[in-house]
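Here the structure is laid out as structure tokens; the discussion comes afterwards.
The values are calculated or read from the model by the stated rules, or taken from the named source; none is laboratory data. Quick caveat: nothing in here was measured; it's all calculated off a predicted structure. Because the Cβ atoms are built from the backbone with ideal geometry, glycine has one as well, and the counts that use them run over all protein chains shown. For the accessible areas, the whole protein counts, side chains as well, though only heavy atoms, and no ligand, DNA or RNA atoms are used. Shrake-Rupley method; radii C 1.70, N 1.55, O 1.52, S 1.80 Å.
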Amino acid sequence: MGVKHHILDCGGRPLDLSSPRLMGIVNVTPDSFSDGGRYLAPERAVRHGRRLAREGAAIVDVGGESTRPGAARVSAEAELERVLPVIEALVGALSIPVSVDTSKPAVMRAAARAGAGLINDVRALTEPDALDAAAETGLPVCLMHMQGEPRSMQRAPRYDDVVDDLLGFFEARIRACEDVGIARGRLLLDPGFGFGKTLEHNLALLAGLNRFTRLGLPLLVGLSRKSMFQQLLGRRLNQRLPGSIAAGLLAVERGASVLRVHDVRAHADALAVLRAIG
């Protein structure tokens, strides 16, 4: 099922990637595409994160800025106000790592101080000072590919060859990380399904996902409830779980180490079946 990896040290908490793992999503936002506003109150977000851990998440990912298509940016202050109480509480309540979904250097530094164990950046540390901030934390980093910005990324995405283009992007970002002292062994890669990609691009990425394993780094994949399932299957948001699970299992068979999901229990069952047949 892809590249074999050892245990990733997430701020002193292990993330064992020797078999596929689940990252549970905690959106502390008013406007995320799937559950915007549902977990904006810190106590509700913390309860949700604890539930995801009970259901089988190996790591929970806390984000305070929506990156859905058309989303506007928020200030670092607003993002910190949303995520820090949740990260602190979850770090205190859980034994698994807690990651922070952010592109902002100030949020990276503050989240690391609060106990976050991984930085999950949809902009792949391309914001000013982000490389240095991530290096200072000493934490692992997930580098995601996005063409354009959330506000405009779905208007007219174009690639010569989507897999080749992303391979080149990741090679350049890996070099940039190594140049500031972020060891290659601290990196994960996320092809960014739905982030500046048409349905055809998403399907080509999924079909060719095993080509990314040549980079020798764990792949983190987010397919859960994506709009590609509306385009492909005609399914509304609350009807996309079967498509999400099918795509997730295909991703794992093509080398994905981590699936970032909303519905942890259902994906955990699907992975258990896949493991049972080897």
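Being of a type in the set (Asp, Glu) and farther than 30 Å from residue 168 by Cα is the filter here, so list the residues in segment 85-117 that pass it.
Of everything in segment 85-117, just one residue is of a type in the set (Asp, Glu) and farther than 30 Å from residue 168 by Cα, namely 88.
Residue check, residue 238 against (1) surrounded by fewer than 18 Cβ atoms within 10 Å (Cβ to Cβ); (2) under 16 Å from the mean Cα position of the chain (by Cα); (3) among the polar types (S, T, N, Q), all met but one. Which one?
With respect to (1) surrounded by fewer than 18 Cβ atoms within 10 Å (Cβ to Cβ); (2) under 16 Å from the mean Cα position of the chain (by Cα); (3) among the polar types (S, T, N, Q), residue 238 is out only on (2).
Output the number of the condition that residue 84 fails; it satisfies all remaining conditions of (1) open to solvent by less than 30 Å² (accessible area, probe 1.4 Å); (2) at pLDDT 95 or above.
Of (1) open to solvent by less than 30 Å² (accessible area, probe 1.4 Å); (2) at pLDDT 95 or above, only one is false for residue 84: (1).
Of all residues in segment 99-117 being part of a helix (DSSP H, G or I) and among the charged types (D, E, K, R), which is least open to solvent (accessible area, probe 1.4 Å)?
By that ranking, first place goes to 109.
Being over 16 Å from residue 18 (Cα atoms) and at pLDDT below 95: is that true of residue 212 here?
no
Quick check: is even one residue across segment 191-203 in contact with a Phe, Trp or Tyr (Cβ under 8 Å, 6 or more places away or on another chain), under 24 Å from residue 262 (Cα atoms) and among the hydroxyl-bearing types (Ser, Thr, Tyr)?
No - not one qualifying residue is present in segment 191-203.
Results for (1) within 26 Å of residue 172 (Cβ to Cβ); (2) in a helix (DSSP H, G or I); (3) within 17 Å of the chain's Cα centre (by Cα), shown as yes or no for each residue.
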| site | (1), (2), (3) |
| --- | --- |
| 62 | no, no, yes |
| 80 | no, yes, no |
| 83 | no, yes, yes |
| 119 | yes, no, yes |
| 123 | yes, no, yes |
| 132 | yes, yes, no |
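Residue 6 passes all but one of (1) at pLDDT below 95; (2) closer than 24 Å to residue 250 by Cβ; which number fails?
The failed condition is (2).
Take the conditions buried (at least 18 other Cβ atoms within 10 Å of the Cβ), out of contact with any His (no Cβ under 8 Å at 6 or more places or on another chain) and modelled with pLDDT of 95 or more and apply them to residue 21. Does it pass?
Here the answer is yes, as residue 21 does meet what is asked.
Which of the residues spanning segment 46-60 are assigned to a loop (DSSP other than H, G, I, E, B) and open to solvent by 30 Å² or more (accessible area, probe 1.4 Å)?
56, the sole residue that qualifies.
Which is touching a strand residue (DSSP E or B) at 6+ places or on another chain (Cβ under 8 Å), open to solvent by 10 Å² or more (accessible area, probe 1.4 Å) and hydrophobic (A, V, I, L, M, F, W, C), of 215, 232?
Matching residue, one of 215, 232: 215.
Per-residue answers, yes or no, for (1) open to solvent by less than 60 Å² (accessible area, probe 1.4 Å); (2) at pLDDT below 95; (3) in contact with a Cys (Cβ under 8 Å, 6 or more places away or on another chain):
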residue	(1), (2), (3)
139	yes, no, yes
151	no, yes, no
160	no, yes, no
173	yes, no, no
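Assess whether residue 195 counts as being buried (at least 23 other Cβ atoms within 10 Å of the Cβ), closer than 29 Å to residue 51 by Cβ and more than 18 Å from the chain's Cα centre (by Cα).
no
Specify which of the listed residues (269, 263) is at pLDDT 95 or above and either hydrophobic (A, V, I, L, M, F, W, C) or in contact with a helix residue (DSSP H, G or I) (Cβ under 6 Å, 6 or more places away or on another chain) (or both).
Sole residue among the options that is at pLDDT 95 or above and either hydrophobic (A, V, I, L, M, F, W, C) or in contact with a helix residue (DSSP H, G or I) (Cβ under 6 Å, 6 or more places away or on another chain) (or both): 263.
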